[in-house]
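Single-structure report; data block below.
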Amino acid sequence: MRVAWFLALGIAGVVLLGLSLVFDGVLEGLFDGVDALDGLFEGWLSLPVIAGFLSMLGFSGAIAMGATGLGAVGATAIGVPAGAATGWLAYRLSRALLNDRSGAAPRGDDLIGAAGSVVTSIPAGGYGEVLVYRAGQPVKLAAKSPMPVSRGAEVWVEEALSQTAVSVRPVER
């Protein structure tokens, strides 16, 4: 019967991990007030860390009780360090993922100097549309030019006016 308590802890940890994946940061708000000691526990009370700790405590305790015949105290003595190690690993992995800056999202300023082609003619001082490539993907943007630019003309992006609009000038050959 005591093994069932440890299995229930392990299953509760897996369910908590599933909930943290489904609801993302919504459940994280439950622990906001606990982090009041100037960030002392920052990241340590995240749901993946708690879920990893509970799961490993429960499952390793159940294995210890079933395999060795230890009582609840002995199984807990084995489960707590195993849970702490799993929680620490979950903490380190989540920090590594959060601090990864190699896949930075492209910004509007990354388009400056990019070549494109006019999809919808641009009247002088008005807006048309251009096709440019952002991070290797074709993107159709609203485009403004001080002079009229006909459809099919090649242009250079001079300025990013917003996330969806650019200022262009025709390429002179």
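Quick notes
- The listed residue being open to solvent by less than 60 Å² (accessible area, probe 1.4 Å), of a type in the set (V, I, T), closer than 17 Å to P170 by Cα and not in a helix (DSSP H, G or I), out of V130, V139: V130
- Residue in the range 106-124 that is out of contact with any Lys or Arg (no Cβ under 8 Å at 6 or more places or on another chain), more than 30 Å from E158 (Cβ to Cβ), at pLDDT below 85 and among the acidic types (D, E) present: no
- Number of positions in the range 142-173 that are aliphatic (A, V, I, L, M) and outside any strand (DSSP E or B): 4
- Hey, G13 modelled with pLDDT of 55 or more and in a helix (DSSP H, G or I) or not: yes
- Residue match in the range 99-114 (condition: loosely packed, with under 11 Cβ neighbours inside 10 Å, under 27 Å from the mean Cα position of the chain (by Cα) and under 30 Å from L54 (Cα atoms)): yes
- Whichever residue in the range 59-80 is without any contact (Cβ under 8 Å) to a residue 12 or more places away in the chain and aliphatic (A, V, I, L, M) and, among such residues, is surrounded by the most Cβ atoms within 10 Å (Cβ to Cβ): I63
- Meets criteria (at pLDDT 90 or above and under 25 Å from the mean Cα position of the chain (by Cα)) for A36: no
- In the range 110-127, of all residues being of a type in the set (A, V, I, L, M) and part of a loop (DSSP other than H, G, I, E, B), the one that is farthest from A165 (Cα to Cα) corresponds to A124.
- Checked against (1) open to solvent by 70 Å² or more (accessible area, probe 1.4 Å); (2) at pLDDT below 90, L89 passes all but condition (2).
- Hey, G83 over 20 Å from L17 (Cβ atoms) and either open to solvent by less than 50 Å² (accessible area, probe 1.4 Å) or at pLDDT 85 or above (or both) or not: no
The values are calculated or read from the model by the stated rules, or taken from the named source; none is laboratory data. Only a predicted model underlies this, so the values are computations on that prediction, with no experimental measurement involved. Backbone-built Cβ (ideal geometry, glycine too); neighbour counts: all protein chains shown. Please note that ligands, DNA and RNA were not included when accessible areas were found on the heavy atoms of the full protein model with its side chains. Shrake-Rupley method; radii C 1.70, N 1.55, O 1.52, S 1.80 Å.
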